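Chemist: Could you have a look at this structure, given as structure tokens, before my questions?
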Amino acid sequence: MNKSKNNNLLHKLLFAVIIVCSLHSYSQNTFISGMNNMKWEKVMPGVWKASFGTSGLNPLEYSNPPKTASILELGDTPFPFAKASTFYQLTPERAIIRMPLDPLEKIYGLGLEFEGVNRRGGVYTLKVDHYGGVKGYTHAPVPFYVSSKGYGVLINTSKRLKIHVGVGNRKDSKIPDPIDRTTGENWSAQPLSDAIEASIHGDGLEIYVFTGNTSLEVVQRYNLFCGGGTLPPKWGLGFWHRMHTTSTADDVLKEISDFKKYNFPIDVLGLEPGWQSFAYPCSFDWDSTRFPNPEKFVKTLSDDGIKVNLWENPYVAPSSTMFKDIKPYTGSHTVWLGEVPDYTIPEAQKILLNHHQKNHLDIGISGYKFDEVDGYDSWLWPDHATFPSGNDAVEIRQLYGQMIQKIFGDHFKKQNKRTYGLVRASYIGASSSPFVIYSDYYGHKGYVTALVNSSISGLQWTPEIRSAKSAEEWVRRFQTVCFSPMMLLNAWASKTKPWSFPEVTNIVRDNIKLRKDLLPYLYTAFYKYHQKGIPPFRAMVLESGFDAKELIIGGKLDGETNPYEEQKRMEVTDQYMMGSYILVAPVFTGETARKVVLPKGNWYDFYTGAFVGNGKTITIKTKLEQIPLFVKDGGIIPMVSSKKLKNTDKTSLEVRHYGTKENTFELYNDDGKTFNYENGDYSLLELKVSKKNNGKLQGQSKFVNNSKYSYGKVNWRWMSNETQNRQ
């Protein structure tokens, strides 16, 4: 062996020893100059808190109280790292924290992002804003991250947080010695870091640590700490369609007639800004020319089984009938020349709710779409604006979307009515809010990535449909939105309808029908979100048995295009779980085949029941009419059946079983519109699959509390057996 090869081997051995030594040192008691150790207090099983200094508005006040009983059911888990390795520091301008980070640790979360899932190696300025080029500028920059080691950290602040995720090293960190770039084979433009550091302009911070046996348990505990997940009304999980902003009452009725003609039932109809007498800023009053009789209009749609959702932004026009009352509670600056209410003041909230109750809710409006609560700086109030409460303008902007969700969510609940709506900005503790985030961003792959990573931060996101350049794209976008928290067509600007591409109209209709048929399964998934904190749509990194290894590409030195040998991380961001058993793998325009990464365990094709693989990456041929769906072994999928029961309007229930495993599924149902379920007014139907003595599967069903909310007769369907019989 020559000298050069010996030197290369020595370099590799030394690098391996350094990594091993580093792994050991991370768990040791370390000293970081100029910083103090955090003092941790256990607040409930698996949840610890540390704080220092003073902080401003508390974001957790805009979530619901913790679901303590459900947290107790998760059991207790130990603190995830040495407490002596957590630090804080106060400087004249900043509050700073430092949390430990192992060399091989992956970090997920930090809110809604359209690129990637693993946040390690990034620097993020977490600012509520339109999605832009700055990492962390997004509609919901939640300062909560989850580690691949099974813990999560919430930095509970209403300030703008800047966080360095494994980027930058203090001079007294436990890190390897530097490597010479000229001669060192393993030189990196971004050296390995042993910490996550974050800071705000402020006088203190509050930090929570959440633990669990799995990453999913960590997310569950965080969601439950913030009040659990929302349980939407059933109509909210149906088909949504939004009208053109200039539409009149007659236009709406004609539109509904057209949808009926093409057999596309509407569950929720959204009115864009023009329903008001003035918009941008808003009057919140009905336009008397377009909607001369709002009460009659809303009742007509209600009698047809259609809910009405109203678009608003929160900035009050001088012509509004609530302007005079709200003006004393507004800030120093305007937005679109409308006044900005300070909703940290209870009296301002009362004025807002009274106006909406009288003019909207009393006549049957089901909910709202709250726009323009995110940014740009050139639109919203400046950081130096002042508000009558004395609260900081930066903090109010960071929390504004979350405040509005809380105000209206609580108001609907007081009336024992569930709502479901849309919002452009969200923040800490959003899981219990009955709102879904949307955006002007329209990249299809980014939409799916956002759906994936939002689940890690207690958020819901809709990849709404606005337009398409081809029939194929129209179908692919429709399929994605049918498998998301809100099935929303928001194509009022493009005027595209579900039937605008005639060659695929039937395919679009069939995909909407499939979503509606899956309501029993999906509604139960939301119940688990509400009761157990399990996101109904969630990232694969939260799924047991999923291999989250990443492919690193690039890193080749090029003096012109890549002078620092930077690498790119390739992650699985184009598939996700829906409910307990279904893996969704959307297809994008032009793809005739796609790869699907299957977690460990047997998986089966949703449509045929055929076995497709176990813990491996498969390549499938795509079909335009189908979004690829896969079901894990033992999966029980309750669906609305096309078979009608005799002498009743009820349909029967088709319960599909996949694979060979025995299993039990508790199917949840209630009245679908009130909060009576909180007092025990709901049904749980146990669907049990077991093996007979001869090894064949059999299905049984029984109600475990009451049968008041029955979907109808249960018809079992053995999907994998059907496949074998066909073969």
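The values are calculated or read from the model by the stated rules, or taken from the named source; none is laboratory data. These numbers were taken from a predicted model, which means no experiment stands behind them. Don't worry about glycine lacking a Cβ; one is built from the backbone with ideal geometry, like all the others, and counts go over all protein chains shown.
Chemist: Go through (1) surrounded by fewer than 17 Cβ atoms within 10 Å (Cβ to Cβ); (2) under 25 Å from Ser455 (Cα atoms); (3) β-branched (Val, Ile, Thr) and name the single condition Val167 misses.
Modeler: (1)
Chemist: While we're here: Based on what the data block shows, is Arg94 in contact with a Leu (Cβ under 6 Å, 6 or more places away or on another chain), closer than 28 Å to Met403 by Cβ and of a type outside the set (A, V, I, L, M)?
Modeler: Against the criterion (in contact with a Leu (Cβ under 6 Å, 6 or more places away or on another chain), closer than 28 Å to Met403 by Cβ and of a type outside the set (A, V, I, L, M)), Arg94 does not qualify.
Chemist: So, one more: Of Leu14, Leu60, Leu72, which residue is modelled with pLDDT under 55 and in the same structural domain as Thr211 (by TED's automatic domain parsing)?
Modeler: From the options Leu14, Leu60, Leu72, the qualifying one is Leu14.
Chemist: For the range 447-487, how many residues meet the condition of being among the aromatic types (Phe, Trp, Tyr) and more than 18 Å from the chain's Cα centre (by Cα)?
Modeler: Number satisfying all stated conditions: 2.
Chemist: Identify all residues within the range 165-176 that are touching a Ser or Thr at 6+ places or on another chain (Cβ under 8 Å) and not basic (Lys, Arg); write none if there are none.
Modeler: Gly166, Val167, Gly168, Asn169, Asp172, Ser173, Ile175, Pro176 - these are the residues of the range 165-176 that are touching a Ser or Thr at 6+ places or on another chain (Cβ under 8 Å) and not basic (Lys, Arg).
Chemist: Which one of these does Ala491 not meet: (1) surrounded by 19 or more Cβ atoms within 10 Å (Cβ to Cβ); (2) within 14 Å of the chain's Cα centre (by Cα)?
Modeler: Status for Ala491: all satisfied but (2).
Chemist: Output the residues belonging to the range 122-172 that are without any contact (Cβ under 8 Å) to a residue 40 or more places away in the chain, in contact with a Gly (Cβ under 6 Å, 6 or more places away or on another chain), over 19 Å from Ser63 (Cβ atoms) and not β-branched (Val, Ile, Thr).
Modeler: Lys135
Chemist: Among the candidates Leu629, Leu598, Leu624, Leu645, which residue alone is at pLDDT below 95 and of a type in the set (A, V, I, L, M, F, W, C)?
Modeler: Unique residue meeting the criteria: Leu645.
Chemist: Of the residues that sit in the range 214-273 and are surrounded by fewer than 24 Cβ atoms within 10 Å (Cβ to Cβ) and of a type in the set (S, T, N, Q), which one is farthest from Ala548 (Cα to Cα)?
Modeler: Result: Thr248.
Chemist: When the residues of the range 517-546 are filtered to those that are among the hydrophobic types (A, V, I, L, M, F, W, C) and closer than 25 Å to Tyr711 by Cβ, which remaining residue is surrounded by the fewest Cβ atoms within 10 Å (Cβ to Cβ)?
Modeler: Leu519
Chemist: For the range 460-473, how many residues meet the condition of being buried (at least 23 other Cβ atoms within 10 Å of the Cβ) and either among the acidic types (Asp, Glu) or in contact with a strand residue (DSSP E or B) (Cβ under 6 Å, 6 or more places away or on another chain) (or both)?
Modeler: 5
Chemist: Here's a follow-up. Could you grab me the full set of residues in the range 231-261 that are of a type in the set (D, E, K, R) and either within 30 Å of Leu459 (Cβ to Cβ) or free of Cβ contacts under 8 Å to residues at least 24 places away in the same chain (or both)?
Modeler: Lys234, Arg242, Asp250, Asp251, Lys254, Glu255, Lys260, Lys261 - these are the residues of the range 231-261 that are of a type in the set (D, E, K, R) and either within 30 Å of Leu459 (Cβ to Cβ) or free of Cβ contacts under 8 Å to residues at least 24 places away in the same chain (or both).
Chemist: Inside the range 623-632, can you point out the residues that are surrounded by fewer than 17 Cβ atoms within 10 Å (Cβ to Cβ) and free of Cβ contacts under 8 Å to residues at least 60 places away in the same chain?
Modeler: Lys623, the sole residue that qualifies.
Chemist: Keeping to the range 124-136, report how many residues are within 16 Å of Ala198 (Cβ to Cβ), at pLDDT 95 or above and either crowded, with 20+ Cβ neighbours inside 10 Å or over 20 Å from the mean Cα position of the chain (by Cα) (or both).
Modeler: Residues in the range 124-136 being within 16 Å of Ala198 (Cβ to Cβ), at pLDDT 95 or above and either crowded, with 20+ Cβ neighbours inside 10 Å or over 20 Å from the mean Cα position of the chain (by Cα) (or both): 3 in total.
Chemist: Given Ile155, Ile179, Ile163, Ile175, which one is of a type in the set (A, V, I, L, M, F, W, C), assigned by TED's automatic domain parsing to the domain that holds Val117 and touching a Lys or Arg at 6+ places or on another chain (Cβ under 9 Å)?
Modeler: The conditions single out Ile163.
Chemist: Let me ask something else. Of all residues in the range 690-704 being within 17 Å of Met719 (Cβ to Cβ) and of a type outside the set (Gly, Ala, Ser), which is farthest from the chain's Cα centre (by Cα)?
Modeler: Among those residues, the one meeting the criterion is Lys696.
A quick yes/no check of all residues on (1) farther than 30 Å from Lys417 by Cα; (2) outside any strand (DSSP E or B); (3) small (Gly, Ala, Ser); (4) touching a residue at least 40 places away in the same chain (Cβ under 8 Å):
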{"residue": "Glu678", "(1), (2), (3), (4)": "no, yes, no, no"}
{"residue": "Val689", "(1), (2), (3), (4)": "yes, no, no, yes"}
{"residue": "Gln698", "(1), (2), (3), (4)": "yes, no, no, no"}
{"residue": "Lys702", "(1), (2), (3), (4)": "no, no, no, no"}
{"residue": "Asn705", "(1), (2), (3), (4)": "no, yes, no, no"}
{"residue": "Lys708", "(1), (2), (3), (4)": "no, yes, no, no"}
{"residue": "Arg717", "(1), (2), (3), (4)": "yes, no, no, yes"}
{"residue": "Asn721", "(1), (2), (3), (4)": "yes, yes, no, yes"}
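Chemist: If a residue must be touching a Leu at 6+ places or on another chain (Cβ under 9 Å) and either within 14 Å of Glu115 (Cα to Cα) or modelled with pLDDT under 95 (or both), how many such residues does the range 439-455 contain?
Modeler: Total meeting the criteria: 4.
Chemist: If you don't mind, there's one more thing I want to ask. Filter the range 108-133 down to the residues that are touching a Ser or Thr at 6+ places or on another chain (Cβ under 6 Å) and either more than 19 Å from Ser457 (Cα to Cα) or aliphatic (A, V, I, L, M) (or both) and list them by number.
Modeler: Those that are touching a Ser or Thr at 6+ places or on another chain (Cβ under 6 Å) and either more than 19 Å from Ser457 (Cα to Cα) or aliphatic (A, V, I, L, M) (or both): Leu112, Val117.
Chemist: Restricting attention to the range 54-69, which residues are within 15 Å of Phe210 (Cβ to Cβ) and not basic (Lys, Arg)?
Modeler: Across the range 54-69, the qualifying residues are Leu60, Ser63, Pro66, Thr68.
Chemist: For Phe387, only one of the following conditions fails: (1) out of contact with any helix residue (DSSP H, G or I) (no Cβ under 9 Å at 6 or more places or on another chain); (2) at pLDDT 95 or above; (3) part of a loop (DSSP other than H, G, I, E, B). What is its number?
Modeler: Against the list (1) out of contact with any helix residue (DSSP H, G or I) (no Cβ under 9 Å at 6 or more places or on another chain); (2) at pLDDT 95 or above; (3) part of a loop (DSSP other than H, G, I, E, B), Phe387 comes up short only on (1).
Chemist: If Arg418 satisfies all but one of (1) within 20 Å of Asp342 (Cα to Cα); (2) buried (at least 22 other Cβ atoms within 10 Å of the Cβ); (3) touching a Pro at 6+ places or on another chain (Cβ under 8 Å), what's the number of the condition it fails?
Modeler: Unmet for Arg418, out of (1) within 20 Å of Asp342 (Cα to Cα); (2) buried (at least 22 other Cβ atoms within 10 Å of the Cβ); (3) touching a Pro at 6+ places or on another chain (Cβ under 8 Å): (1).
Chemist: Quick one: which of Ser55, Ser33 is within 32 Å of the chain's Cα centre (by Cα) and either modelled with pLDDT under 95 or assigned to a strand (DSSP E or B) (or both)?
Modeler: Criteria check complete, one pass: Ser55.
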